[in-house]
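To keep things clear, I will list the structure first and then write my remarks on it.
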Amino acid sequence: MTVLEAGKPPVLFCRIGWCTQYDGSEDPIRGGAGGGNDHERANFKPFKGTCYGCFTSKPHRTVYIEKLGAARRADSVPGVLVVFFATRPKGGQVVVGWYRNATVYRKLQESPGERPERSRGKRIRKLEYMVTAHAANSTQLDVADRQIDVPAELTGAAGHYYPDMKMAAWRRLVERIDHAIGEKFGVEDGATTDYVELLRRAHTIIRSTANADGDAGTDKPTATEVKRQEFKRSPRVVAQVLGKAEGRCDLCKRPSPFVDANDEPYLEVHHVRLLSEGGVDRVYNAVAVCPNCHRELHFGAGRKDLIKRLYRIVRRLRPR
Ligand SMILES: [Zn+2]
Ligand SMILES: [Zn+2]
């Protein structure tokens, strides 16, 4: 699962000076626009679990966050993929890291003040930033991994760019980054407990150019507590519905596909109007169906027609 597919976040490209480590220990080497301030040296040094990102916002000192989906008067916008790029000492612009799910501010922000920065031994202004992200969502690429070129023709003298996805070169670049993020983070991005949503995301991947073979997934899937209402169901309704089915699916009329651990024909009792949607746990709202039909009743494109058919062919059902 990759970032773009998880809901197409807006993307902001930010030019920063070149450092081998953005941990606050090096002076950035200027490339391209440069100027501004030196705070970007610490863009990947978390402070209390958050990374504070700085970049050259000249000439306007303003990020037009409306272009990233913000409301007109908003001061900031969340959920942005911020890509930092820099000019290598030997030339050529490359991606050096990114913040996923970042908050981008319209104007330069001053930190709460706990972390004064130093430059060449001199105390300078308090940390300033225009983007923030949780440290866990911040990725700095090692120098050897800085392989994604940012073509010079895409950028000019400005310090930040809103990629124009209608342009093939921008699209290719964003897709490469998207793919790199996918490789770094695997399936944990976009992992979900919702099976219908999972399928939707999988099909987006199948259709996308970022879909490639290779290691997907994780050895440590994340567990999550799911809070949901479960309805207690009457075994007598199940017994009666199964009894009436006599081992055949109420929908396709074929015999149950296998016998279960009790040596009984296996069918699943399904509420035609779902309990979660106000259906009643009554024989006149329940059918016994084979696993195929059951899945189709829940997930099939034609499920509404199947329900109509059930109401026609299973006489005990009472539509409501
Ligand atoms: Zn069936
Ligand atoms: Zn069901």
(message) Conditions first: (1) open to solvent by 40 Å² or more (accessible area, probe 1.4 Å); (2) closer than 27 Å to residue 199 by Cα; (3) part of a loop (DSSP other than H, G, I, E, B); (4) modelled with pLDDT of 95 or more. Residue 309 passes all but one, so which condition is the exception?
(response) (3)
(message) Any residue that is free of Cβ contacts under 8 Å to residues at least 24 places away in the same chain and surrounded by 12 or more Cβ atoms within 10 Å (Cβ to Cβ) - is there at least one of those in the range 249-258?
(response) yes
(message) Just the residues that are part of a strand (DSSP E or B) and within 12 Å of ligand 2 (Cβ to nearest atom), please, taken from the range 229-285.
(response) 268, 269, 270, 271
(message) Under 8 Å between Cβ atoms, which residue pairs at least 6 apart in sequence (or on different chains) link something in the range 66-79 that is under 19 Å from residue 110 (Cβ atoms) with a partner that is open to solvent by 70 Å² or more (accessible area, probe 1.4 Å) and not acidic (Asp, Glu)?
(response) 75/107
(request) Please tell me if residue 263 is loosely packed, with under 10 Cβ neighbours inside 10 Å, of a type in the set (Asp, Glu), over 20 Å from residue 196 (Cα atoms) and more than 12 Å from ligand 1 (Cβ to nearest atom). (result) yes
(request) Answer with yes or no whether residue 318 is modelled with pLDDT under 95 and either closer than 15 Å to residue 250 by Cβ or touching a strand residue (DSSP E or B) at 6+ places or on another chain (Cβ under 6 Å) (or both). (result) yes
(request) Could you grab me the full set of residues in the range 49-65 that are open to solvent by 10 Å² or more (accessible area, probe 1.4 Å) and either assigned to a helix (DSSP H, G or I) or without any contact (Cβ under 8 Å) to a residue 40 or more places away in the chain (or both)? (result) 60
(message) All but one of (1) of a type in the set (Gly, Ala, Ser); (2) within 18 Å of residue 311 (Cβ to Cβ); (3) free of Cβ contacts under 8 Å to residues at least 40 places away in the same chain hold for residue 261; state the number of the condition that does not hold.
(response) (2)
(message) Out of the residues in the range 286-311 meeting the condition of being free of Cβ contacts under 8 Å to residues at least 40 places away in the same chain and near ligand 2 (Cβ under 10 Å from one of its atoms), tell me which one is farthest from the chain's Cα centre (by Cα).
(response) 294
(message) It is to be established whether one or more residues within the range 289-305 are more than 14 Å from ligand 1 (Cβ to nearest atom) and open to solvent by less than 50 Å² (accessible area, probe 1.4 Å).
(response) no
(message) Conditions first: (1) within 15 Å of ligand 2 (Cβ to nearest atom); (2) within 16 Å of residue 238 (Cβ to Cβ). Residue 316 passes all but one, so which condition is the exception?
(response) (1)
(request) Kindly indicate whether any position in the range 215-231 is within 16 Å of ligand 1 (Cβ to nearest atom) and either open to solvent by 80 Å² or more (accessible area, probe 1.4 Å) or at pLDDT 90 or above (or both). (result) no
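The values are calculated or read from the model by the stated rules, or taken from the named source; none is laboratory data. Source: prediction; values computed, not measured. Here Cβ is always computed from backbone atoms with ideal geometry, including for glycine, and neighbour counts include all displayed protein chains. These accessible areas exclude ligands, DNA and RNA; they are computed on the full protein's heavy atoms, side chains included. Shrake-Rupley method; radii C 1.70, N 1.55, O 1.52, S 1.80 Å.
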